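Structure record follows, encoded as structure tokens.
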Amino acid sequence: MVLLEFSMSPMTQGESVSPYVARSLDIIDKSGLPYQLTPMGTIIEGEWAEVMAIVTACFETMRADCDRVETQIKIDYRAGPGGRLKSKVDSVQKKLGRKLST
């Protein structure tokens, strides 16, 4: 199972890129895979081919009207079942004995 964190934004569309990010989030949300949106990127959980297909779809959508696209990707693969998107955070909170802002 893969946890993939990525951010993707156009470099030539001005200071505010939220309309372009929103298009990517629409693709991610409609995929049905578990994900977590953060202010600096999005984390998706799934099999390798599934998460990479989402990144590719986001890229293809963005490059359709953006001449330069910046993408950062971080991948954590671990054999076994899913659910790590939540369980990794739960584990840290349990060790601290309190809820954190997530």
(request) Find the relative contact order for the chain and round it to a whole percent, using C-alpha pairs within less than 8 Å whose residues are 6+ positions apart. (result) 42 percent
(request) Among 92, 21, rank each residue by its count of other Cβ atoms within 10 Å, from fewest to most, as a rough exposure measure. (result) 92, 21
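Within 10 Å, at most 14 other Cβ atoms, and a DSSP state outside H, G, I, E, B define an exposed site. Report the longest part of the chain free of exposed trypsin sites (Lys or Arg not before Pro).
1-67
Rank these for me by crowding, 50, 45, 15, 60, going from fewest to most other beta carbons within 10 Å. Don't skip to the answer; put the middle values down first.
Working: 50 15, 45 20, 15 4, 60 10.
Exposure proxy ranking, most exposed first: 15, 60, 50, 45.
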(message) Using only DSSP helix segments of four residues or longer, with each worth -39500 (n - 2.57), what per-residue ellipticity at 222 nm results for the chain after dividing by its residue count and rounding to 500?
(response) -13500 deg cm²/dmol
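Rule-based calculations on the coordinates, nothing more; no lab input. These figures come from a predicted structure and were not determined experimentally. FYI the Cβ positions are ideal-geometry reconstructions off the backbone, even for glycines, and counts take in every protein chain you see.
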